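Asks: To start, I am sharing the structure in question, which I have written as structure tokens.
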Amino acid sequence: MEPRILSFATLTLALSFFLGACEEPSQTYFASSRPVKTIIIGDNLTGDTRTFPAVVDAIQKAEISFRVSGKVQKISVKEGDEVRKGQILAELDPVDFDIRLKDRQASYRTAKANYDRAKELVEKGAISRVDHDEIRAKYFTAKANLDSAEQDLLYTKLKANFDGYIAKRHVEKFEEISASQTIFSLSDVSSLKLKVDIPENLMIFITREGESVRKLYAVFDNISNQKFPLSFIESTTKADPNTKTFQVTLKMDAPENYNVLPGMTATVYADLLPGELQSATSVMLPVSAVISDNEKQATVWVVDETTMTVKPRRVTPGTMIGETMSVDGLKQGERVVIAGAPFLRDDMKVTLLETGEQAK
């Protein structure tokens with residue numbers, strides 16, 4: 001039994017030391033300040049520059065199709081080929097169209113001959129005016145049918161609507177196709193369109209001509225140290241019902257040394273004119289700056305630079321764009337914690353990290 005008594009005594013002594021060490025936890029916890037990473041609302045990090053994810057699209061594109069039905073006899077281009085306006089891309093088997101054209105030509109010749117004779121006979125009084133008008137109507141019908149057959153034969157050759165590239169081929173040779181069925185997707189990538197979604201709190205300051213934007217440029221992840229200038233094309237005036245954002249379309253010249261294609265992604269940077277956002281109640285913060293308090297309310301930590309302590313501030317979250325979020329409830333000039341926020345307490349002393357350091 002003696003080893004058990006010793007073990008219990010040892011355990012009791014250890015427990016008493018532990019309780020003594022934890023007697024004043026708050027005082028021990030705040031004995032040293034916690035390092036945090038911060039930004040100042042309204043400085044160069046959160047000022048008038050905004051970033052938006054964008055999707056690249058062709059400046060002009062079309063789904064090319066035959067206007068008549070038939071069997072694909074010839075495909076003259078491949079996916080990725082560059083084509084010129086008016087170039088023949090594919091052809092249908094013309095046999096049935098030739099037969100129909102010859103039939104319409106024969107009917108037209110007969111109708112024309114009858115009409116020429118009717119004009120002479122009606123002048124001589126040999127036929128009535130009613131018979132003459134009926135023969136004339138048949139002539140014009142035969143002429144229209146002939147024109148239609150000639151046009152259908154021309155439609156067996158599919159031509160490019162504009163200069164561009166074959167983005168995709170949708171049919172194979174010898175396939176039976178119907179009129180208006182998509183044969184090729186044609187894209188003009190001499191210039192490109194970038195589409196971005198703008199939250200309403202920023203859209204309210206942007207004019208339809210983009211005059212509130214001082215500078216626009218795109219950056220691609222795989223193209224380092226290059227900014228591609230953008231120009232404003234158009235914007236929607238009705239918000240998306242789900243995201244409450246407005247789509248803005250921008251134009252970019254196709255890079256000479258890079259193969260930027262529709263469907264690729266980029267980041268658009270927009271520098272708004274000074275003062276455009278001063279009356280706005282929302283600011284953009286990294287998502288890491290916004291946490292949830294005990295009552296499930298969005299909260300950020302604001303640094304009191306006089307005492308170097310932090311205070312929680314409830315904010316109203318808005319739209320998330322990439323790794324940033326718009327929030328209401330902050331003022332310009334306030335310093336906000338953007339890294340280390342989940343580990344803070346009210347009135348906790350903090351130290352500011354230098355640029356490049358990480359909060360733990």
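The values are calculated or read from the model by the stated rules, or taken from the named source; none is laboratory data. Note that the coordinates shown come from a computational prediction; the quantities given were computed from them, not determined experimentally. Heads up, the Cβs are rebuilt from the backbone with ideal geometry, glycines too, and the neighbour counts pull from every protein chain shown. Surface accessibility is based on the protein's heavy atoms, side chains included, excluding ligands, DNA and RNA. Shrake-Rupley method; radii C 1.70, N 1.55, O 1.52, S 1.80 Å.
Asks: Pick from Ser190, Ser180, Ser148: which is small (Gly, Ala, Ser), at pLDDT below 95 and not in a loop (DSSP other than H, G, I, E, B)?
Replies: Among Ser190, Ser180, Ser148, only Ser190 is small (Gly, Ala, Ser), at pLDDT below 95 and not in a loop (DSSP other than H, G, I, E, B).
Asks: Moving on to the next point. Give the residue that is nearest to Gln181 (Cα to Cα), with candidates limited to residues of the stretch 64-78 that are of a type outside the set (Phe, Trp, Tyr) and in contact with a Ser or Thr (Cβ under 9 Å, 6 or more places away or on another chain). Walk me through it before giving the result.
Replies: First, pick out the residues of the stretch 64-78 that are of a type outside the set (Phe, Trp, Tyr): 64-65, 67-78.
Applying the additional criterion that residues be in contact with a Ser or Thr (Cβ under 9 Å, 6 or more places away or on another chain) yields 64-65, 67-70, 73.
Details: Ile64: 8, Ser65: 6, Arg67: 9, Val68: 9, Ser69: 9, Gly70: 11, Gln73: 15 Å.
That would be Ser65.
Asks: Just checking, how many residues over the stretch 110-164 are open to solvent by 50 Å² or more (accessible area, probe 1.4 Å), polar (S, T, N, Q) and in contact with a strand residue (DSSP E or B) (Cβ under 8 Å, 6 or more places away or on another chain)?
Replies: Final tally of qualifying residues: 1.
Asks: So, one more: Just to be sure before I move on: is Ile198 within 28 Å of Asp81 (Cβ to Cβ), open to solvent by less than 70 Å² (accessible area, probe 1.4 Å) and either in contact (Cβ under 8 Å) with a residue 40 or more places away in the chain or in contact with a strand residue (DSSP E or B) (Cβ under 9 Å, 6 or more places away or on another chain) (or both) in the structure I sent? Give the steps one after another, and end with the answer.
Replies: On the way: within 28 Å of Asp81 (Cβ to Cβ): no; open to solvent by less than 70 Å² (accessible area, probe 1.4 Å): yes; either in contact (Cβ under 8 Å) with a residue 40 or more places away in the chain or in contact with a strand residue (DSSP E or B) (Cβ under 9 Å, 6 or more places away or on another chain) (or both): yes.
No, not satisfied.
Asks: Please determine, by comparing only the residues of the stretch 193-226 that are over 15 Å from the mean Cα position of the chain (by Cα) and under 25 Å from Gly164 (Cα atoms), which one is modelled with the lowest pLDDT.
Replies: In the first step, residues of the stretch 193-226 are kept if they are over 15 Å from the mean Cα position of the chain (by Cα); the result is 200-217, 221-226.
Retained after the next criterion (residues that are under 25 Å from Gly164 (Cα atoms)): 217, 222-223.
Numbers: Tyr217: 89, Asn222: 84, Ile223: 87.
Residue satisfying both the conditions and the ranking: Asn222.
Asks: On to the next question. Mind listing just one residue for me: the one in the stretch 330-350 that is charged (D, E, K, R) and in a loop (DSSP other than H, G, I, E, B) and, of those, surrounded by the fewest Cβ atoms within 10 Å (Cβ to Cβ)?
Replies: That would be Asp346.
Asks: Kindly indicate the residue of the stretch 254-268 that is in contact with a strand residue (DSSP E or B) (Cβ under 6 Å, 6 or more places away or on another chain) and farther than 19 Å from Ala167 by Cβ and also surrounded by the most Cβ atoms within 10 Å (Cβ to Cβ) among those meeting that condition.
Replies: That would be Val268.
Asks: Moving on. Under the condition of being part of a loop (DSSP other than H, G, I, E, B) and more than 20 Å from Thr51 (Cα to Cα), which residue from the stretch 314-329 is modelled with the highest pLDDT?
Replies: Just the residues of the stretch 314-329 that are part of a loop (DSSP other than H, G, I, E, B), to begin with: 315, 322-323, 329.
Next, from what is left, pick out any that are more than 20 Å from Thr51 (Cα to Cα): 315, 329.
Working: Val315: 88, Gly329: 83.
By that ranking, first place goes to Val315.
Asks: Here's something else I'd like to know. Kindly check whether there is at least one residue in the stretch 82-100 that is of a type in the set (Val, Ile, Thr), buried (at least 16 other Cβ atoms within 10 Å of the Cβ) and out of contact with any helix residue (DSSP H, G or I) (no Cβ under 6 Å at 6 or more places or on another chain). Break it down stepwise before answering.
Replies: So the first thing to find is which residues in the stretch 82-100 are of a type in the set (Val, Ile, Thr), and the list is 83, 88, 95, 99.
Right, trim to buried (at least 16 other Cβ atoms within 10 Å of the Cβ) and you get 83.
Subset that is out of contact with any helix residue (DSSP H, G or I) (no Cβ under 6 Å at 6 or more places or on another chain): 83.
Yes - at least one qualifying residue is present in the stretch 82-100.
Asks: Looking at the stretch 231-253, which of the residues that are in contact (Cβ under 8 Å) with a residue 60 or more places away in the chain and in a loop (DSSP other than H, G, I, E, B) is least open to solvent (accessible area, probe 1.4 Å)?
Replies: Residues of the stretch 231-253 that are in contact (Cβ under 8 Å) with a residue 60 or more places away in the chain, as a first pass: 243-245, 250-253.
Subsequent filtering for residues that are in a loop (DSSP other than H, G, I, E, B) retains 243-244.
On the way: Thr243: 71, Lys244: 108 Å².
Here the answer is Thr243.
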